[in-house]
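Read through the structure below, which is laid out as C-alpha cells, and then see the notes.
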Amino acid sequence: MKILAISGSMRSESTNTNLLTEISHLSSEYMKIDIFNSHDQIPIFSPDQEGENTPDSVLSLCEKVANSDGIIISSPEYIRSIPGGLKNTIDWLVSRDEVIKKPITLIHASHRGSDVLESLRRVLATISENFSKDIFLQIPLIGKSKDEIKEIVNSEKNKLAVNGFIFEFSNFIKSIKVINRE
C-alpha cells in the first residue's frame, strides 16, 4: 500500500515531518509512506495556471496523489488556522480528479491546535468524499527534538497507537477500493 504523507510545515526540523518520518519507519512492513513537505515549490494557486498551464511542480504533486492509495496529513496550527503553504497546496488539488475519492485522514503532533484540526476537517471533507474524521492519531510532541520525537513515538504505548492507526486506515482504504469496484 502506498501512502502520501503531507506535512503542513516546511521547517527543516519540523515536528510534523519528524512524526511522519517515524510513523513511516514503524509502518514500513505494511505500507510505503512518501512524505511531501515542499510547499515552497508550489506556486500560489491561480485558476489561470490550470489545465495546459499547470506548473510542473503541481503536476508532480498530482502524480503523487494519483499514485497513492491514501493520504495522511499532519500540520501545525498557524494563527488558529491552516498554514498558508499547505492551504495553497490543497487549493491546487480542489479542481482535480486525483483527490476526489482519495481516502484521507489526519495525524496531529500537538496537545492543542483544535482550530487547525477543525479547519482541515472542513476543507478535506470538501475535497474528498472519502475523508475520515474518525481515523485520527494524536501524539503531543511540541518542543521536542528529532531524537526525542523518535523516542516518544517508539515507546510501547505510542507504537501500539501508531499500529492501531495504520491498521484502521489500511482497512478503510481497502473498504473504499471494494466499494469503488462495485
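A short reminder: the numbers here are calculations on the coordinates, not readings from a lab. Small disclaimer: the values here were computed from a predicted structure and weren't measured. Cβ coordinates were reconstructed from backbone atoms using ideal geometry, including for glycine residues, and neighbour counts include every protein chain displayed.
Pairs of Cα atoms nearer than 8 Å and 6+ residues apart set the relative contact order; for the chain it is 26 percent. Scaled against 2.2 N^0.38 Å for its residue count N, the alpha carbon radius of gyration of region 97-156 is 1.34.
Taking every full run of DSSP H in the chain, the ones that stretch at least 30 Å from end to end by Cα along their long axis and average -0.5 or higher on the Kyte-Doolittle scale are 156-181. Using a simple spin-label model with pseudo-atoms 7 Å out from Cα toward Cβ, Phe167 and Lys64 lie 2.9 nm apart. Note that region 2-177 shows a convex hull volume over its alpha carbon atoms of 106 Å³ per residue. When +1 charges are put on Lys and Arg Cβ atoms and -1 charges on Asp and Glu Cβ atoms, the dipole computed for region 2-177 relative to its Cα centre reaches about 500 debye.
Between Val99, Pro140, Ile73, the Cα set farthest toward the positive side of the dipole of the chain (charges on each charged residue's Cβ, about the Cα centre) is that of Pro140.
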